[in-house]
1. Compute, for segment 1-73, the length of the dipole vector about the Cα centre, with Cβ point charges of +1 (Lys, Arg) and -1 (Asp, Glu) only. Units Debye, rounded to 20.
2. Simple spin-label model, 7 Å along Cα-to-Cβ: residue 19 to residue 212 in nm?
3. Find how much the distance from residue 111 to residue 32 grows on full extension, using 0.36 nm per residue of separation minus their present alpha carbon separation; answer in nm with one decimal.
4. Hey, in the GNM for the chain with a 10 angstrom Cα cutoff, which one of 212, 161, 11 fluctuates hardest?
5. How would 66, 82 line up from fewest to most surrounding beta-carbon atoms within 10 angstrom?
6. If I build a Gaussian network model for the chain, linking alpha-carbon pairs within less than 10 angstrom, which residue out of 87, 164, 121 has the largest mean-square fluctuation?
7. Among 137, 126, what is the fewest-to-most ranking by other Cβ atoms within 10 Å?
8. Any chance you could count the Lys pairs in segment 36-146 whose alpha carbons are under 19 Å apart, treating pairs 8 or more apart or on different chains as valid?
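None of the figures in this text is laboratory data; all of them are computed from the coordinates on show. The model shown is predicted, which means the values in this text are computed figures rather than measured ones. Cβ: placed from backbone, ideal geometry, glycine included. Neighbour counts: every protein chain shown.
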Amino acid sequence: MAILTLKEIKKEFTKGEQKVFALRGVDLNIDKGEFLSIVGPSGSGKTTLLNIIGCLDTPTSGNIEYDGKVLGTLNEKALSQYRKENIGFIFQSYNLIPVLSVLENIELPMVIEKKMDQSEITEKAMDIIKAVGLESMAHRLPREISGGQEQRVAIARALVKNPIVVLADEPTANLDSTTAQEIIALMEKINQERQTTFVFSTHDPRMQEHAKRVIVLKDGAIADDERR
């Protein structure tokens, strides 16, 4: 059963007096546990589609449903809250807070929500830290760890609230070849062991090779949908 459904998603921008169509009626179903890559040339609509899936942007028309919930009915505040609670993000620039330790960066989303006491937050964060292999780095600052370790922290932060889906925008773009392979292997491991749904946009052929499903975008529409 699909946990994420996009129906006739269109996105238009106005440039001067012209309308620019970033997405032209995208239909897409994503099941739980998928390891899915969105690919395509620059201007194909990858970033726009990822932003709409992540509720960072809204479509001009069409519906998006998460686990049966139609998000088009939510106002901006409710949509923002839904995003915080149900969608994890991994950014190519990591976006860690430099004055917070690895542990504190991972705890932060739960601290902001104020739904658990501190002991529960720390326990949950440490569980995720162990899963990404950074237990010995928990009290270090971002500047005291490598780029690959920073990306592991970003992955842990995205996972800590058990999101419906984790979105990754070019997650290996700033990593060397060896570290990139390690991050890909880690994401695959989490996908297999936890049935975490990953959707990532990438130009990296290594990421595309490991994807279990590849969506090819061209001129704002799905040109190919390959399952492996």
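1. 200
2. The modelled label-to-label distance comes out at 3.9 nm.
3. Between residue 111 and residue 32, full extension yields 25.7 nm more.
4. Highest fluctuation among the options: 212.
5. 82, 66
6. 121
7. Details: 137 20, 126 15.
The most exposed by this proxy come first: 126, 137.
8. Counting lysine pairs in segment 36-146 gives 9.
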